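The values are calculated or read from the model by the stated rules, or taken from the named source; none is laboratory data. On a predicted model such as this, the values are computed, not experimentally measured, just so you know. So basically every Cβ, Gly included, is an ideal-geometry build from the backbone, and we count neighbours across all protein chains shown. These area figures cover heavy atoms from the full protein model, side chains too; ligands, DNA and RNA do not enter into them. Shrake-Rupley method; radii C 1.70, N 1.55, O 1.52, S 1.80 Å.
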Amino acid sequence: MWCRRLAWLFKGPCQLNGSTKHRSLWLARDRRTVPAAAARWHHTAPESLKCAWQLHGDHLELRYANTLMRFDFVWLRDHCRSASCYNAKTNQRSLDTASVDLGIKPKAVRVDETTLFLTWPDGHVTRYGLEWLVKNSYEGQKQQVMHPRILWNAEIYRQAQVPSVDCQSFLETDEGLKEFLQNFLLYGIAFVENVTPTKEDTEILAERISLIRETIYGRMWYFTSDFSRGDTAYTKLALDRHTDTTYFQEPCGIQVFHCLKHEGTGGRTLLVDGFYAAEQVLRQAPDQFELLSKVPLKHEYVENVGDCHNHMIGVGPVLNVYPWNNELYLIRYNNYDRAVINTVPYDVVHRWYAAHRTLTAELRRPENELWVKLKPGKALFIDNWRVLHGREAFTGYRQLCGCYLTRDDVLNTARLLGLQA
């Protein structure tokens, strides 16, 4: 869904083949000059069009499964999966990449219906399955997404009727855990019901899927309106939508909330799919999407309350995308903690403000707001790299507990259960 080539940040469009198209820096770097006298196409069989290849001066061109791929010769030698080059037991490379001649060329090339064979000048033979090459080529990767998702607004999420998972099933069965993780991966939020409303039981719940990430807020934290920390969150005031720990160099990946007690009114939790909002910006104003993905900003947290003394600074753009397929993987949005913008010139700043306004308008559309009343026994997991959260003002005594989880460990658990993560 994010596979769209974005424009240069500081340059306008260029003319290609008589029409206006945008070229991104990574695409320009990827282009290579093909020799004028290129070799003819070779087919696996005279009548076969399923697979064909031709040799160029510095790379092999291969057409298979409707994908045209180009492989640098050094890349082909470096990724050899023979026993002397790759340890299949540890899934680690044995070949010393620095020992490969940067001018290396295969002495012989052969392709059958399933396999590419390369013979190198020293007689070493490398074999690649054609399906493996499609999966692992640059051309194949840029057509794929790393993390399949379902983008949602409030109505889409309600119509999906995503079920909560019972605490016992979550803790004691792989089926319950897998259902929970599949919901979380697709929607960026997931609920567990019938949790004993204590900090200790919430901790057991969190440790089912990940190591708990200890931060300046501790390992497991209680959350009340006593203003015990230098943060607006520790008040009874409404909080606008935001992601947490934008002032970390790597924002926390997952946040867990569990309301243990509330004796009062208000306090509903607001959830907004930041990726859904960003997708609307990409469709309506791709240049602004690109600006938000390129301009680096500082977020800052300064705290001097009681025994808590912290000064955190995180740097990164609002939207973070993989450069090969422009898939969005992280949104860093927190207007409370955004520091002074001093990393870009004035004319870019003005365009950034316009782009930020466009994204903010999408994030604040009422139809994109999912409101949830947290209650004792119902734990909420939020993908802090994707879903923004906030709350309405409240009265009375309200106590939450929660923690941050390490993203790598959550994804590791999902992959071990057979999920794409």
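Scanning region 330-364 for residues that are among the basic types (Lys, Arg) and in contact (Cβ under 8 Å) with a residue 40 or more places away in the chain, we see that the one that is nearest to VAL387 (Cα to Cα) is ARG332.
Among the residues making up region 408-421, those that are in a helix (DSSP H, G or I) and farther than 16 Å from VAL256 by Cα are ASN412, THR413, ALA414, ARG415, LEU416.
Could you check region 287-309 and list, in sequence order, the residues that are open to solvent by 40 Å² or more (accessible area, probe 1.4 Å), on the phi < 0 side of the Ramachandran plot and not basic (Lys, Arg)? Explain how you work it out, then say what you get.
Residues of region 287-309 that are open to solvent by 40 Å² or more (accessible area, probe 1.4 Å), as a first pass: 287-288, 294, 296, 298, 300, 302, 304-307, 309.
Restricting the remaining residues to those that are on the phi < 0 side of the Ramachandran plot gives 287-288, 294, 296, 298, 300, 302, 304-305, 307, 309.
ASP287, GLN288, PRO296, GLU300, VAL302, ASN304, VAL305, ASP307, HIS309, listed by residue number.
Look at region 182-193: where a residue is surrounded by fewer than 23 Cβ atoms within 10 Å (Cβ to Cβ) and a partner is among the polar types (S, T, N, Q), sitting 6+ places away or on another chain with Cβ atoms under 7 Å, you get PHE191/SER164; GLU193/SER164.
For the condition more than 26 Å from THR196 (Cα to Cα) and out of contact with any Gly (no Cβ under 9 Å at 6 or more places or on another chain), TRP324 qualifies. Can you find a residue in region 149-166 that is surrounded by fewer than 17 Cβ atoms within 10 Å (Cβ to Cβ), under 18 Å from THR413 (Cα atoms) and not charged (D, E, K, R)? Checked region 149-166: no residue is surrounded by fewer than 17 Cβ atoms within 10 Å (Cβ to Cβ), under 18 Å from THR413 (Cα atoms) and not charged (D, E, K, R).
Going by what's in this entry, would ASN342 be described as in the same structural domain as PHE223 (by the TED database), open to solvent by less than 20 Å² (accessible area, probe 1.4 Å) and among the polar types (S, T, N, Q)? For ASN342, the condition - in the same structural domain as PHE223 (by the TED database), open to solvent by less than 20 Å² (accessible area, probe 1.4 Å) and among the polar types (S, T, N, Q) - is not met. Selection over region 106-146 of residues that are open to solvent by 60 Å² or more (accessible area, probe 1.4 Å) and free of Cβ contacts under 8 Å to residues at least 40 places away in the same chain gives a count of 7.
Pick from region 68-102 the residues that are aliphatic (A, V, I, L, M) and open to solvent by 40 Å² or more (accessible area, probe 1.4 Å): which of them is nearest to ASP122 (Cα to Cα)? So that I can check it myself, show each step before the final result.
Step one: filter region 68-102 for residues aliphatic (A, V, I, L, M), giving 68-69, 74, 76, 83, 88, 95, 98, 100, 102.
Next, from what is left, pick out any that are open to solvent by 40 Å² or more (accessible area, probe 1.4 Å): 68, 83, 88, 98, 102.
Numbers: LEU68: 29, ALA83: 16, ALA88: 23, ALA98: 16, LEU102: 15 Å.
Among those that are aliphatic (A, V, I, L, M) and open to solvent by 40 Å² or more (accessible area, probe 1.4 Å), it is LEU102.
If you check TYR64 against the conditions, is it open to solvent by less than 30 Å² (accessible area, probe 1.4 Å), under 30 Å from ALA421 (Cβ atoms) and either modelled with pLDDT under 95 or of a type in the set (Val, Ile, Thr) (or both)?
For TYR64, the condition - open to solvent by less than 30 Å² (accessible area, probe 1.4 Å), under 30 Å from ALA421 (Cβ atoms) and either modelled with pLDDT under 95 or of a type in the set (Val, Ile, Thr) (or both) - is met.
Within region 304-341, being of a type in the set (Ser, Thr, Tyr), under 18 Å from CYS252 (Cβ atoms) and under 12 Å from the mean Cα position of the chain (by Cα) holds for one residue alone: TYR329. The single residue among GLY274, GLY218, GLY266 that is among the small types (Gly, Ala, Ser), under 20 Å from ASP337 (Cα atoms) and surrounded by 15 or more Cβ atoms within 10 Å (Cβ to Cβ) turns out to be GLY274.
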